[in-house]
Structure formats: structure tokens, C-alpha cells
1. Residues being loosely packed, with under 11 Cβ neighbours inside 10 Å and either acidic (Asp, Glu) or at pLDDT 95 or above (or both): count how many of those fall in segment 172-191.
2. Here are Phe127, Phe136, Phe158: which of them is over 15 Å from the mean Cα position of the chain (by Cα), modelled with pLDDT under 90 and buried (at least 17 other Cβ atoms within 10 Å of the Cβ)?
3. Considering each residue of segment 133-165, count those that are out of contact with any Asp or Glu (no Cβ under 7 Å at 6 or more places or on another chain) and closer than 17 Å to Glu195 by Cβ, and give that number.
4. Determine if segment 105-124 includes at least one residue that is under 12 Å from the mean Cα position of the chain (by Cα) and of a type in the set (Ser, Thr, Tyr).
5. If I go through segment 139-153 residue by residue, how many of them are closer than 25 Å to Cys200 by Cβ and over 18 Å from the mean Cα position of the chain (by Cα)?
6. Which members of segment 134-168 meet the condition of being in a helix (DSSP H, G or I) and of a type in the set (S, T, N, Q)?
7. Being modelled with pLDDT of 95 or more, on the phi > 0 side of the Ramachandran plot and charged (D, E, K, R) narrows it down to one of Asp62, Asp53, Asp66, Asp82, so name that one.
8. Consider only pairs whose beta carbons are under 9 Å apart and that are at least six residues apart or on different chains; among these, list those whose first residue lies in segment 59-84 and is among the aromatic types (Phe, Trp, Tyr) and whose second residue is assigned to a loop (DSSP other than H, G, I, E, B).
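The values are calculated or read from the model by the stated rules, or taken from the named source; none is laboratory data. Please read these numbers as outputs of a predicted model, since none were measured by experiment. Ideal geometry is used to build each Cβ from the backbone, glycine not excepted, and the neighbour counts take in all protein chains shown.
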Amino acid sequence: MNKKNKDVIEQETDSKKYQEMQKLGDSYTALGDYNQAQKCYEKAASLNPDEADPYVGLGIIDFQQDLLDNAEIAFRVACRLDPNSSRAYAGLAMVAQKKGDYDKAFEMYLKCLELNTDNLNVLLGLFQISCKMGSFGKIIHYLQVYLDMHPQDSSVMFSLAALYVKEGRLEQAKKLLGDILTLDRENTDAANLLEEVNHCLAQKQQAGV
């Protein structure tokens, strides 16, 4: 076997080992066995130092244990290795949110959604931050984008309708709430909010607004 073929085989073997370690790390993380997960992620990082995912994994287990500074370092390493890692930016957003740095969390959640608009957990995180900051324009846009891909997600529809109400966009809220009740006639939250919206619209009409 010549040296070139030998190198190719070694690279393929290392790649398989890396993938195995990464999957094992994810499995141990899901089970809450953070010690084993850390060992797997560190092994994966040594097998492929240029991959971001092991550092995302390390960041997640540090975050789960409230080691926020360690988690932030790991997520930053992941971002440096892969500037398009939406998971790494989501991690930085969660750390910033936990630390109470809402401006930073908002920025990182937006960066994550620019890379991956189809992430409900990130949308919910951004929704929470938007409510704290009283800034709804950006989250409305991304909720609309998400609904274009998942047009029957009633929980996201309701969140968007509630934001429309906050922004005074009552006709848009009314339409969305009607769509929710078409999908689920027993949705009392949507029914109650629709009643409020209709009341506000009637008042505006009487006032000639």
C-alpha cells in the first residue's frame, strides 16, 4: 500500500471515529451524563480540531450546569471554527439571556435566525427577549417567516397574533386568530383574544378611527 492510500484510509478512520464520538457525546448529554459527554466531545475535538460541533456540545453541558463563563468560551470557539454555526450563536444567546444581557442575547438570537429561520426554540427565546425589551419588529418578521414554512403551527400563530395586538395591527390579529379557531375550535386563548380584538375594533369604529 502506498503512502497516499494509507493516508486516505487513516483519514476515513479518524472521520468515522469523530462521528461516533460526537454522536456518543450527544447521547450522553441527552441522558444527563455530563462527565461521559465531556470525554466524548473532547475526544471528538482531538480527532477533528477544525470542527465546531464538539465545542457546541461542550458549551451545552457547561450551560446545563450553570458554568456560564465556560459555556460562553466553548460557544465562541465554535463560532470561530464555523462562523455559520447557528447552534453556536444560539448557545451564546442563551448564555447572554441567563446573564441578563438582553441586548447581547437579542443580537445573538437574530444572528442565529439569519442562519436558520426554522428553529422554534430560538424563536421562543427571541420572543421572550422581545417582550422584556418591548421591541417586536424583528421577532414579528421571523415569526412570519416561520409560519410560511409551518402554516398550521397554532402556538406560533397565537404568539404572532398577540404581537400584532401589541403593535395595534388588529385586523391582522383578527385574521390569524380566526385561522387558529378554524384549526382548533376549542382553543379558548385564541377565542378570548379574538373577543378582545373585536371589542377594540368596534370601539375604533364607533370613534370613527
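1. Residues that pass the stated criteria total 1.
2. Phe136
3. So the count comes out to 4.
4. yes
5. Number satisfying all stated conditions: 0.
6. Within segment 134-168, Gln144, Ser154, Ser155, Ser159 meet the criteria.
7. That would be Asp66, the only listed residue that is modelled with pLDDT of 95 or more, on the phi > 0 side of the Ramachandran plot and charged (D, E, K, R).
8. Pairs that qualify, where the first residue is among the aromatic types (Phe, Trp, Tyr) and the partner is assigned to a loop (DSSP other than H, G, I, E, B), are Phe75/Ser85.
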